[in-house]
Amino acid sequence: MLTIANPQPRDCKICGGPSPLAGVVDFHKSCIEAQGKCLSLSGKPIYYRRCTACGFLFTDQFDDWSPEAFLKYVYNNDYAVVDPDYLAARPTNNAKAIGQAFQASRASLSILDYGGGSGLFASLLQEQGFKAGTYDPFSTFSARPQGPFDLITCFEVMEHLPFPDRIVSDMSQLLADEGVIFFSTLTQPSNFAEIGLRWWYIGPRNGHISVYSQRALNLLFEKNGLQVASFSEGVHIAFRKLPAFAAHLVRGSLA
């Protein structure tokens, strides 16, 4: 199923800059390495490229995969081994955080959880009185919804995208003019040039195939008419014009 990597540089998927090969890892490299655990080697090499202009790190070996291929080889019954939090802990914690952050506007906001998997996050928000739904091409919530939405959440999705520009464009089309995308993905640490693909977040077995520098993340959303502001290396918002319902989040708190 995996294509053979071309040794020649290719154009960056975000800015078009030259992106030579940056290294290779085994397909079974996963994020549980952060816990000192390792899967057995698969024998399948995954080559990553890094743009010399914006720093975007990506592999193109999954570019021609169908949704069925991802479900068979990545998001299968063993996926919980490499990402145990995705089933309940992450959506539960995220629902608490979003519920607290937007409690004052819960009666008026329309919320879409983009890439929301089982729909647990949206269900928990509904229990808190929010109007929330789920969209995820890899789940039973695969029908594209009708926007616009005031708030689009997108937790730990961006790093899974073989073509990030398509998804950001889609989210921007679903977003209200004065809406917010609240998303999480870890940007490359300051010492990434030193640690490279040894960084624990590089995990093809988790489906982590696109890993952003802060510059790459900003450029990606700017191309789609959105401004990015970051709370941390992992939590971000994007918007055209910051709406009143989110203004309290940014006062003196964003990088």
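The values are calculated or read from the model by the stated rules, or taken from the named source; none is laboratory data. Only a predicted model underlies this, so the values are computations on that prediction, with no experimental measurement involved. All Cβ positions, even for glycine, are placed from backbone atoms using ideal geometry, and neighbour counts span all protein chains on display. For accessibility, only protein heavy atoms count, side chains too; no ligands or nucleic acids. Shrake-Rupley method; radii C 1.70, N 1.55, O 1.52, S 1.80 Å.
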Subject >> Of S30, S19, S139, the one that fluctuates the most in a GNM where the chain has Cα springs shorter than 10 Å >> reply: S139
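Of K96/K241; K72/K131; K37/K72; K29/K72, which ones are farther than 29 Å apart at the Cα? Intermediate values should be presented prior to the final figure.
Numbers: K96/K241 25 Å; K72/K131 33 Å; K37/K72 23 Å; K29/K72 17 Å.
Those over the limit are K72/K131.
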Original post:
Short version: ³J(HN,Hα) in whole Hz for each residue of the stretch 179-193, in order, from phi by Karplus 6.51 cos²θ - 1.76 cosθ + 1.60 (θ = phi - 60°), x for Gly and Pro, what are they?
Top reply: x, 9, 9, 10, 9, 10, 6, 7, 8, 4, x, 4, 9, 4, 4
Subject >> Residue of N77, N94, N218 that the Gaussian network model of the chain assigns the largest fluctuation, springs spanning Cα pairs under 10 Å >> reply: N77
**OP:** Return the single residue from L197, L57, L71 with maximal mean-square fluctuation; model: Gaussian network over the chain, springs between Cα atoms under 10 Å.
**Re:** L71
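Do any trypsin sites (Lys or Arg not before Pro) in the stretch 201-233 lie in a loop, going by DSSP, with at most 16 other beta-carbon atoms within 10 Å of their beta carbon, and if so which?
Filter output for the stretch 201-233: K223.
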Original post:
If you bin every alpha carbon distance in the stretch 109-149 into 10 Å steps from zero, what whole percent lands in each bin?
Top reply: 35, 55, 10
Subject >> DSSP beta bridges in the chain [antiparallel fraction, %, rounded to 5] >> reply: 60
Original post:
If you count, for each residue, the other Cβ atoms within 10 Å and average over each peptide, how do 228-234, 5-11 line up from highest to lowest?
Top reply: 228-234, 5-11
Original post:
Quick one: Karplus J couplings for the stretch 56-63, per residue in order, coefficients 6.51, -1.76, 1.60, θ = phi - 60°, nearest Hz, x for Gly and Pro?
Top reply: 4, 10, 7, 10, 9, 6, 10, 4
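For the stretch 155-255, what proportion of DSSP beta bridges, expressed in % and rounded to the nearest 5, is antiparallel? Spell out each step's value before the answer.
Working: 9 of 10 bridges.
Around 90 percent antiparallel, to the nearest 5.
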Original post:
Shape call for the stretch 1-76 from the C-alpha gyration tensor, a ≥ b ≥ c root eigenvalues: rounded (a/c under 1.5), prolate (a/b greater than b/c) or oblate?
Top reply: prolate
Original post:
Plugging the Kirkwood radius over Cα pairs into Stokes-Einstein for the stretch 170-255, at a temperature of 20 °C and a viscosity of 1.002 mPa s, what D comes out in µm²/s?
Top reply: 151
Subject >> T140 - accessible surface, heavy atoms, 1.4 Å probe, Å² rounded to 10 >> reply: 130
Original post:
So for the pair A143, S230, with labels modelled 7 Å out along Cα→Cβ, what separation do we get in nm?
Top reply: 3.8
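In square nanometres, what is the average projected area of the Cα convex hull of the chain?
Values: hull surface 53.2 nm².
Computing the convex hull of the Cα atoms and averaging its projections yields 13.3 nm².
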Subject >> Whether the stretch 185-234 is rounded, prolate or oblate, judged on the alpha carbon gyration tensor where a/c under 1.5 counts as rounded >> reply: prolate
Original post:
Cα gyration tensor of the stretch 79-207, axes a ≥ b ≥ c as square roots of the eigenvalues: rounded (a/c below 1.5), prolate (a/b > b/c) or oblate?
Top reply: prolate
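Grab the Cα-Cα distance for Q100 and V81, subtract it from 0.36 nm times how many residues apart they are, and report the gain in nm with one decimal.
Here the segment from Q100 to V81 would lengthen by 3.8 nm.
Averaged per residue, what accessible area in Å² does the chain show with a 1.4 Å probe, protein chains only?
Working: 11790 Å² over 255 residues.
Accessible surface, normalised per residue, equals 46 Å².
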Original post:
Within the stretch 147-177, what residues put their amide N at less than 11 Å from the label point 7 Å along the Cα-to-Cβ vector of E222?
Top reply: none
Subject >> Length gained when the stretch D136-R240 is fully extended (0.36 nm per residue, less Cα-Cα span) >> reply: 35.1 nm
**OP:** Enter the Cα centre distance for the pair the stretch 66-116 and the stretch 175-252, rounded to the nearest angstrom.
**Re:** 16
Original post:
Say each of S40 and Q126 gets a label point 7 Å from the Cα, pointing the same way as Cα to Cβ; how far apart are those two points in nm?
Top reply: 4.2
**OP:** Would you mind telling me the share, in percent, of accessible area of the chain contributed by carbon and sulfur at probe 1.4 angstrom?
**Re:** 53
